[in-house]
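None of the figures in this text is laboratory data; all of them are computed from the coordinates on show. This structure is a prediction, so every number in the text was calculated from the model and none was measured. Every residue, glycine among them, receives a Cβ derived from its backbone with ideal geometry; neighbour counts consider all protein chains shown.
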Amino acid sequence: MRNQESYNKRLNRVVDYVYAHLEDDLSFDRLAEVACLSSYHWSRIYSAMRGETIVATIRRLRLQRAADRLANSDLEIEAVSARAGYSSTDTFGRAFKGAFGVSPAAYREAGSHAAFRAAHATSEAAAFPVVVESLPERRCAGINHIGSYMEIDHAMARLFAALVDRHSLPAEPAMLGVFFDDPDLGPEAELHSRACLPVAKSDTIDAPLVETVLRGGPYAKLRYKGPYADMRGAYRWLLGVWLPASGYEPDDAPIFEAYLNDPREVPQNELRTDIHLPLKAVS
């Protein structure tokens with residue numbers, strides 16, 4: 001177990017370094033030094049323990065950040081391409097289309113963020129499927145994350161590794177992200193969120209894990225399909241259009257997301273996420 005913990009800590013350092021230097025040239029020799037592992041073997045160890053190659057991780061994270069810029073900024077595509085580490089917009093375009101199913105220009109113009117923006121502009125309260133359901137209270141183990149909400153998967157990977165080390169990872173883990181701040185109000189680098197997994201009541205939750213209890217009761221659930229980068233528009237529509245027209249009041253608890261599939265395994269446009277908005281019980 002100690003040896004597994006040591007390997008997970010070293011691979012966590014690699015992922016930390018990748019996130020911190022995502023727009024720099026990432027040397028595999030340097031990553032081997034960060035991992036304190038042989039340059040001959042570290043990348044195969046990473047693939048075996050993390051379920052994807054380090055090349056795939058870097059490409060996925062760079063394209064995910066690029067999608068966020070295309071959906072939520074006016075940065076020129078050439079600049080988005082360069083900051084994603086591509087030497088030409090053609091190469092970037094092919095890589096982006098392979099991950100998202102459309103070209104960068106088509107994504108910016110007509111991605112799901114555009115559909116949510118249009119529904120928000122016209123106040124179409126029935127434009128997307130929302131159901132109100134009652135959920136039970138759930139006890140979770142969590143890992144805190146400070147920074148861009150787009151990087152919650154960084155904390156999720158750490159959470160999985162910590163639960164594996166403790167032999168507490170459920171057979172069918174339910175991946176949840178809990179979000180505490182409004183991303184439109186404060187600096188992105190100071191946003192607070194938490195990656196969570198429901199665990200048994202008997203499981204010990206100790207540092208660096210944080211015990212989190214998701215309150216039971218009514219929630220509005222928006223079934224979302226598409227890239228995580230487009231979800232800011234989904235939130236604005238849910239809170240700015242659906243909620244005022246619904247007759248419900250929001251409860252004093254954070255929104256959480258349930259991730260129904262894995263970005264390492266499916267294309268970005270096939271990702272499925274349930275967004276849960278806590279509601280006050282109707283008396």
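Find, among the trypsin sites (Lys or Arg not before Pro) in the stretch 68-105, those assigned to loop by DSSP (not H, G, I, E, B) with at most 14 other beta-carbon atoms within 10 angstrom.
none
Quick one: divide the alpha-carbon radius of gyration of the stretch 112-239 by 2.2 N^0.38 Å and tell me what you get.
1.17
Between Rg and the Kirkwood Rh of the chain, both from Cα atoms, what is the Rg to Rh ratio?
0.97
Rounded to the nearest 20 debye, what is the charge dipole size of the stretch 2-107 about its Cα centre when +1 sits on each Lys and Arg Cβ and -1 on each Asp and Glu Cβ?
500 debye
Within the chain, which cysteines find no other Cys whose Cβ is under 4.7 angstrom from their own?
Cys36
Find the relative contact order for the stretch 1-46 and round it to a whole percent, using C-alpha pairs within less than 8 Å whose residues are 6+ positions apart.
Relative contact order, the stretch 1-46: 35 percent.
When ranked by the protection proxy of mean other Cβ atoms within 10 Å per residue, highest first, what sequence do the peptides 210-222, 161-173 form?
210-222, 161-173
Quick check for the chain: number of Lys pairs with alpha-carbon distance under 29 Å, counting only pairs 8 or more apart or on different chains?
6
Averaging sequence separations of C-alpha pairs under 8 Å and six or more residues apart, then dividing by the length of the stretch 2-107, give the relative contact order as a whole percent.
It comes to 19 percent, rounded to a whole number.
Relative to the Cα centre, what is the charge dipole magnitude of the chain, using +1 at the beta carbon of each Lys and Arg, -1 at the beta carbon of each Asp and Glu, and rounding to the nearest 20 debye?
About 660 debye.
I need the shape label for the stretch 1-146. Rule: rounded when a/c is under 1.5, else prolate if a/b > b/c, else oblate, with a, b, c from the alpha carbon gyration tensor.
Cα axes put the stretch 1-146 in the oblate bin.
So what is the relative contact order of the chain, in percent, for Cα pairs below 8 Å that sit 6 or more residues apart?
19 percent
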